[in-house]
Structures are given as structure tokens and as C-alpha cells.
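Engineer: Pasting a structure here, questions to come.
The values are calculated or read from the model by the stated rules, or taken from the named source; none is laboratory data. Keep in mind that this is a model prediction, so the values were computed, not measured. Please note: Cβ atoms are built from the backbone with ideal geometry, for glycine as well, and neighbour counts cover all protein chains shown.
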Amino acid sequence: MIPYGKQSINDDDVAAVVEALKSDFLTCGPKVDEFEKAFAEFVGAKHAVAVCNATAALHLAMLVAEIGKGDRVITSANTFLSSANCAAFVGATPDFCDIDQQTHLMCADALENMWTSDIKAVISVAYAGQSADMPRIAEIAREHGAVIIEDACHGTGGGLERDGKAYRQGGHPWADITTFSFHPVKTLTTGEGGILVTDNDAFAAQARQLRTHGMTREQNDFSGLGSDSPALSEQGQWYYEMQQLGYNYRITDIQCALGLSQLKRLPQFIERRREIVEKYNTAFTNRDWIKTPTLTCEQDRDHVSWHIYTLLIDFEHLNKTRTEVMAELRANGVGSQVLYIPVYLQPYYRNTYGYHEGKCPQAEHYYERCLSIPLYPDLTNSQVNHIISSILNLFS
Ligand SMILES: Cc1ncc(COP(=O)(O)O)c(C=O)c1O
């Protein structure tokens, strides 16, 4: 069975993990710092804070931006649950912007039209790896003083080009915070893992403290335990303070060792993903029952890091339901996935916020027709050809 996504692990990755396992630190050691520095440098950001998964990174993004009760946070309707749940974690109201009809990313016009004064953050999602129109989204959000977060969980290593200048996601000036996921189906994996990147010193410092229980061991930050008693005011090497309510969102040295090894391989991963996308695009163009993913703009062609390849299929034209199509593909050894159900249609969102069908018509239309087919670097050309013929045979 060819899954829709899969990690690529080679001997170098295994050796890196074994080395970490044999070292003095399994967690809170040097590999975490090393990975953070290497990742920040790679994307072109000042700070990177690595955590146990991207959901934690999104939660920290909300906390450091001081989003809370009474605030509204807008994300794309076409995303994974975490992009919205993070707002609910902090008591804010997650709300959803419809997607652009062509790019299927957050629609800047829709964002502008839905703006209300309680919107304090916008989380734009780099669905499939492509950034939405970030300059325009940033312009709208900044005019109202809202924080801009790019959920680039799909986009590791990718970027965009504007006015002749290329940027990586995490390194462009149109987001205050960017988050990435290192789940095994993502472009780079640490098993589970995520990272928050930012140029903002205060955001980074706060994220670091909240990642580990709100604790500090920095002498300059100590405020004391509130007593003149010599025993209580003693502050040796062992001393630490909890200054706010934090979490255990730490990532291990074992995971970061894998991340460092994968980072070296990332350019090849991206290249191979692009090659497969080109093969798919060539095979599936000019057919009236199938639509290939649209590039947001031509300049981005050599910058996008494709995470998923989602076809839009006219199931009525095929005279088959999507479930039947997926079963037919599975019978041929080809996995597929539906990405995504508009988040606000989930029972939790309907029941808690009163959202219902019709809220984001473009996202609903997309959901009705989308089907993601396998995309990962270790796919062989013969597997790609088999996937292509299995899809084309759906119509025969
Ligand atoms: C767009 C998006 N955001 C957030 C996440 C959450 O990532 P993680 O599984 O690392 O928590 C995912 C994971 O699938 C995702 O696809």
C-alpha cells in the first residue's frame, strides 16, 4: 500500500539518533540549541523555539501575543484543527475566513470584509506548502494592530518571491510568528515536533519560558520568593523560579538530532517533491473532471515546498462517490486522504460557537471535491506512474 504521506529516514538519520541516545543528554541538552540555531538560520529568522509538536507552538504563539478572552482569532477554513483550537485554548473565539477560489488559501478580500474590532490575531495557513497573499493579509491585519501568525506546518523549507526577492516561510516580513510541524508526514520529521520562529525578542523569550513550566534559572530575572528569611532568600546554582503558569512543551535531544540530520537532507526532499508534483501536473492537466493545484503566482514556482498534492475531482462527472473512488484506489494499493473538512463544521465548533454550513462557501465547495494523493520523497518513479494510471483509470 502506498500511503498518502511518509517519512524518509536514511542511515545518517539513524546514526544521528543513535549518537544522541549514547550522549549524556536525552533532553534539555545541546542538540536542542543546535537544532534551533540551524533552523532559524535556514529560514532567515532571529529566533527559533523548538517544542513537542506544532499544536504546542501555535498555543505558545497565542500566549506570547497575549490573546485571550474577548479576542477573536481568524484562521483559514481549510486547515487542520490546531490552527483554530489554539485560539480556543486561551479562551479566545476562533473564527474562519473563506478561501480564495483559485488558490484555496485564505482570501484577503474575505478577511477585509469580515473584519471586526475584536480581531486580535490572524493565522494564515500555508496549505499544501504555499503561502497565501501574505503582504496583503499583513497590510490588513497591521492596519488594525492585529498579530499575524503564519501556520507553515505544511511549508517547511518553502517560501515565496515578491518584488524580485525570495524569502523562506519564517523569514519574510509579513508574519510576526511562524510555526512548523515535524510530524512524520511533513517535509522534515523529528517523529513528533514543532517549532515557533520569530524576529521578536520578547515573543521568543516568553515562548522559551512557557515551554518549560514558566520557570527561569536566569539570575537577572529572579524576583525572589517574598521572604527576608535567609533560608528562603538563598539563591544558589540550584535555584529556579516559576514566574508564570507554563507547560511542559519540551522537545528531546533525540528528536532534535534527527531534525538536524533531516535539515541537511531538506533541499533534496523539496526537490524530489517538486519533481513528483511536475509529473502529476503533466499527467492530470486538460481533463475536464480533474483539476490540479494552482500556483499562487508564477514567481513562486521554484520556492514552494509541496507538502501535499490535492486534486479537485468532479465526482458527479465520474459517477462515483469520493468514498468509492478512495476504495478503488486502495484496491490498487494507492492511499489517499481528504484534506480538509472545514474546521467550523466539526461538532465542537458547531456546538460551541454556533457555526453552520454556508459560513465559508468556497471552503465547503473545496471540501466536496478535494482528494490528496501520495506525495513524499521516497516515492519511486514506477510508484508515481502507478498512482497516475490508477487515477486516470477512474474514468475508464
Ligand atoms: C496546518 C496544520 N497546522 C497545525 C498542525 C499541527 O501539527 P502537529 O501535529 O505537529 O501538532 C498540522 C498537523 O497536521 C497542520 O497540518
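Engineer: Being away from the ligand (no atom under 16 Å from the Cβ), buried (at least 24 other Cβ atoms within 10 Å of the Cβ) and assigned by TED's automatic domain parsing to the domain that holds F80 is true for just one of T212, T179, T198. Which residue is that?
Structural biologist: Only one candidate passes the filter, namely T198.
Engineer: Is the range 85-100 home to any residue that is buried (at least 21 other Cβ atoms within 10 Å of the Cβ) and part of a helix (DSSP H, G or I)?
Structural biologist: Yes, because at least one residue in the range 85-100 is buried (at least 21 other Cβ atoms within 10 Å of the Cβ) and part of a helix (DSSP H, G or I).
Engineer: List the number of the failed condition for F42; all other conditions in (1) closer than 30 Å to I373 by Cβ; (2) within 16 Å of the ligand (Cβ to nearest atom); (3) assigned to a helix (DSSP H, G or I) hold.
Structural biologist: Against the list (1) closer than 30 Å to I373 by Cβ; (2) within 16 Å of the ligand (Cβ to nearest atom); (3) assigned to a helix (DSSP H, G or I), F42 comes up short only on (2).
Engineer: May I pose another question? Over 19 Å from the mean Cα position of the chain (by Cα) and either modelled with pLDDT of 95 or more or closer than 20 Å to V304 by Cα (or both): does that describe R168?
Structural biologist: It is false that R168 is over 19 Å from the mean Cα position of the chain (by Cα) and either modelled with pLDDT of 95 or more or closer than 20 Å to V304 by Cα (or both).
Engineer: Just the residues that are hydroxyl-bearing (S, T, Y) and outside any loop (DSSP other than H, G, I, E, B), please, taken from the range 183-216.
Structural biologist: Once the filter is applied, which keeps residues that are hydroxyl-bearing (S, T, Y) and outside any loop (DSSP other than H, G, I, E, B), the range 183-216 yields T198, T212, T216.
Engineer: Please go through the range 329-365 and pick out each residue that is among the charged types (D, E, K, R) and surrounded by fewer than 16 Cβ atoms within 10 Å (Cβ to Cβ).
Structural biologist: Matches in the range 329-365: R330, R350, E357.
Engineer: Scan the range 30-37 and tell me whether some residue there is farther than 18 Å from H183 by Cα and touching a His at 6+ places or on another chain (Cβ under 9 Å).
Structural biologist: No, the range 30-37 has no match at all.
Engineer: While we're on this one: Return yes or no: is K69 within 16 Å of the ligand (Cβ to nearest atom), charged (D, E, K, R), on the phi < 0 side of the Ramachandran plot and not in a helix (DSSP H, G or I)?
Structural biologist: no
Engineer: Next question, about the same structure. Against the definition (within 16 Å of the ligand (Cβ to nearest atom) and either more than 27 Å from V32 (Cα to Cα) or modelled with pLDDT of 95 or more (or both)), how does A56 come out, yes or no?
Structural biologist: So A56 fits the description; yes.
Engineer: Working only within the range 278-295, note down all residues that are closer than 22 Å to E161 by Cα and surrounded by fewer than 21 Cβ atoms within 10 Å (Cβ to Cβ).
Structural biologist: E278, N281, T292, T294, L295
Engineer: If you check K31 against the conditions, is it charged (D, E, K, R) and crowded, with 16+ Cβ neighbours inside 10 Å?
Structural biologist: yes
Engineer: Here is a follow-up. Quick one: which of E328, E357 is at negative phi and free of Cβ contacts under 8 Å to residues at least 60 places away in the same chain?
Structural biologist: It is E357.
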